[in-house]
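Asks: Could you have a look at this structure, given as structure tokens, before my questions?
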Amino acid sequence: MVVTFNRRALLEEALAALAAQSRRPDRVVVVDNASSDGTAEAVASGFPDTDLLVLPRNIGGAGGFGAGMARALDAGTDLLWLLDDDTVPEPDALRELLAARDRATAADGPPALVASRVVWTDGRDHPMNTPRAKPRTPPAEREIAEAAGCMPVRSASFVSVLVDAASVRERGLPVADYFLWNDDFEFTTRLLRGRRGVLCPRSVVVHKTKEFGGADADPGDRFFYEVRNKIWLFSGSPGLAPPERALYAGSTLRRWTRTFAGSGDRAVLRRAMLRGLRDGLLTRPKPTADLLREVGVEVPDDDERRTR
């Protein structure tokens, strides 16, 4: 599943890489967030076997992944491979994810998710997409992961992650109203609370961002989403236990400090932060089922209850 918005050339490269996988996906779903650059026409003509979902308006990465997952789950999908549109998987990326999932299956079943190693265009590990290692991992869980050639993780990125569909049906879709930023962190921590997830270094994808950098890079006005969504997450998501909220909140404040320190226009960041603080404290996310219904995507009744 690939969510896209006005990045036609990158999307075409990503879809070509999916078609060239040594273990090809059984089905490819592209969610087009109302692109205006001819994306839908390019997918329809160049990749006619793709299941293309064109939304009437841009509902962000969070909404796009929610819409695509609702569509896939309704079709009875067992596993979901989630990818950004600027992500180019190496030929064995999916095969290695599936193999790692099999190797990491234990008495409690397979891991709820398996994440890829994400690198930049020069081969360096991309700091923006490094899954968070699981703190205080129980020894038995660590042994299972290490035996599978993997590392236990507490969260992962939508850049490339293989997700167990049954876990999504049980724990719910991403919160669509996040629009962008922190949606994958909230979703994967919710999926993984009390469950196992692993990073598979053998599954490699290239994240073709314009620049090499981490999450503390200056986001400009989009800092609003970082602030608002983090407040929503820490105050309302069931993904984190109370001690984890304190841990990640401290990490967030340190990262925001680095963002301000490295910013070339702190006035823009300050205004975005104030807007984010206001909306985060005074509003709550719209129910995902309601938001998706606005763009013509229906959520099955059981999944709808879990997205509220």
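Asks: Would you give the gap between the C-alpha center of region 28-96 and the C-alpha center of region 269-295, rounded to a whole Å?
Replies: 24 Å
Asks: When ligands, DNA and RNA are left out and all protein chains stay put, how many square angstrom of accessible area per residue does the chain have with a 1.4 Å probe?
Replies: About 44 Å² of surface per residue is accessible.
Asks: Now, a different point. Applying 1/(1 + (r/R0)^6) with R0 = 22 Å to the Cβ-Cβ distance of Ala16 and Thr121, what FRET efficiency is obtained, to the nearest 0.05?
Replies: Here the calculated transfer efficiency is 0.85.
Asks: For Arg57 and Arg254, FRET efficiency with R0 = 30 Å and r from the beta-carbon atoms, rounded to 0.05?
Replies: 0.25
Asks: Using the Cβ atoms and a cut-off under 14 Å, what net charge is assigned to the surroundings of Arg7, where Lys and Arg are +1 and Asp and Glu are -1?
Replies: Charge balance near Arg7 sits at -4.
Asks: To the nearest 0.05, what FRET efficiency results for Asp265 and Asp92 with a Förster distance of 51 Å applied to their C-beta separation?
Replies: Efficiency, rounded to the nearest 0.05: 0.75.
Asks: Within the accessible area of the chain, what % is carbon and sulfur when the probe is 1.4 Å and the other protein chains stay in place?
Replies: 52 percent
Asks: What order, most packed first, do the peptides 187-195, 69-77, 234-242 have when packing is the mean number of other Cβ atoms within 10 Å of each residue?
Replies: 187-195, 69-77, 234-242
Asks: Let me ask you something else. So what is the 222 nm mean residue ellipticity for the chain from helices alone, if each DSSP H run of at least 4 adds -39500 (n - 2.57) and you divide by all residues, rounding to the nearest 500 deg cm²/dmol?
Replies: That calculation yields -13500 deg cm²/dmol at 222 nm.
Asks: Hey, can you rank 79-86, 92-99, 3-10 by average C-beta count inside 10 Å, highest first?
Replies: 79-86, 92-99, 3-10
Asks: Give me the extension gain from Leu274 to Asp26: residue separation times 0.36 nm, minus the current Cα-Cα distance, reported in nm with one decimal.
Replies: On the way: separation 248, 0.36 × 248 = 89.28 nm, distance 4.52 nm.
Difference between extended and current length: 84.8 nm.
The values are calculated or read from the model by the stated rules, or taken from the named source; none is laboratory data. Note that the structure is predicted; figures quoted are calculated from it, not measured. Backbone-built Cβ (ideal geometry, glycine too); neighbour counts: all protein chains shown. For accessibility, only protein heavy atoms count, side chains too; no ligands or nucleic acids. Shrake-Rupley method; radii C 1.70, N 1.55, O 1.52, S 1.80 Å.
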